[in-house]
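Below is one structure, written out as structure tokens, with a few remarks after it.
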Amino acid sequence: MLRRALSATGWWLRDHLGLVLLVLLLLPAAALTALRLSDPAWGPAVRLTSFVPLALPLYAAALVVAGVRHARWRARVRLVPVVLATAGLAAHAWWVAPFWLGPNPPAARGADALVVVTANLYQGEGDALGLVALASAEEADLLVVNEITGPALRRMRAAGIDDVLPYAIGRPEQDPVVGTMVFSRVPLSEPRRLDTPLASYKVDVGGPGGLTLLAVHPSAPLDAEAWRRDHDTVRRAAVRGGADLVVGDLNATLDHAPLRRLVDAGYRDAVELGNAGFQPTWPENGLFGPLSFLPALVPIDHVMVGEDLAVRSVRTVALGGTDHRAVVAELARQ
């Protein structure tokens, strides 16, 4: 009896394998699409939104399965998954296309380059010496460092950060995830700290005629309400303060509604504006618990530029000891 039941199950799976595969592909893809179209308030849904781009290969695979198995289905039956997969694929392609295509306004003729580097040091455990070497090699003008600690700052100073970028604001904090600092080639104004639990600052760079920078680190979406509140704080500070740059670990991607609201306020991700392709920054270096085998999948570290800045180039750079890749962007005035 058991053998007969198993045999029947095997025959059913063989005859319906395409349908099973389509369900396994289309359900998670559709869930990711729904997250992209909404503004979820539930923490796990917010975190899952970070992986919205994975819907693209799911929809593509569903189209392949539908094409291979279509001969076994009636026309009306096979039309449904084909339409769903095609619509989903088109929507997600539209959302990611600006990373490769779209207008990138040129810099003004003769405009000086502004090189911005941002890195999260993973509670001070990241390669501080390597970060100083990166800032020096890239001839950085601004370096924004999240999760900087006292020991990490001492290592950076021992590596010569004060010679590379002699001006600095911010400080390490007792909690290793809280500290944020800005290092600069030119003088910085007295900073104003934003009302976020993780240190974020508004600071003027270079005096009159210079730039206004927000060096930020909104909360991670472990607490979705706090995360959303921090993004509202950052957006208001950027708009009201006329910030030219919003830089740091934003703990959000362009698929998250709060970051898209910053885009609607006039700021563009340098990676997208520069047509630099999809450049994820997290998780890196195997620091993701049981999923440590995964490569970086999620772009949560950003250089967001105002309407007066052009992007000449941007890329991410591996940095030892941290779960984030650094971002290096070369900008200039339009």
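The numbers here are math on the coordinates, done by the rules we state, and not lab data. Keep in mind the model is a prediction, meaning the values are calculated, not measured. As a convention, Cβ positions derive from the backbone with ideal geometry for all residues, glycine included, and neighbour counts pool all protein chains shown.
Here are the numbers:
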item	result
3J(HN,Hα) from dihedral phi, the range 317-325, Karplus parametrisation 6.51/-1.76/1.60, rounded to Hz, x for glycine, proline	9, 5, 9, x, x, 10, 8, 10, 8
FRET efficiency, Glu139 to Asn104 (Cβ-Cβ, R0 22 Å, nearest 0.05)	0.50
Hz values of 3J(HN,Hα) by residue in the range 179-187 - Karplus curve (6.51, -1.76, 1.60), Gly and Pro given as x	x, 9, 9, 10, 10, 9, 6, 10, x
Degrees separating the helix 75-96 axis from the principal Cα axis of the chain, which is the longest one	10 degrees
Cα-based Rg of the range 181-334 normalised by 2.2 N^0.38 Å, two decimals	1.02
Rounded to whole Hz, the Karplus (6.51, -1.76, 1.60) HN-Hα couplings of the range 272-281, x for glycine and proline	5, 4, x, 6, 8, x, 7, 10, x, 10
Under-5 Å amide H pairs with Asn120, H placed in peptide plane, nonlocal only	Asn146
Cα long-axis angle, helix 224-241 against the chain (0 to 90 degrees, to the nearest 10)	50 degrees
Amide H contacts of Arg171 (H built 1.01 Å from N, under 5 Å, at least 5 apart or other chain)	Thr180
FRET efficiency, Leu129 to Leu27 (Cβ-Cβ, R0 45 Å, nearest 0.05)	0.45
Gained length - Asp264 relative to Ser38, 0.36 nm times residue gap less alpha-carbon distance	79.8 nm
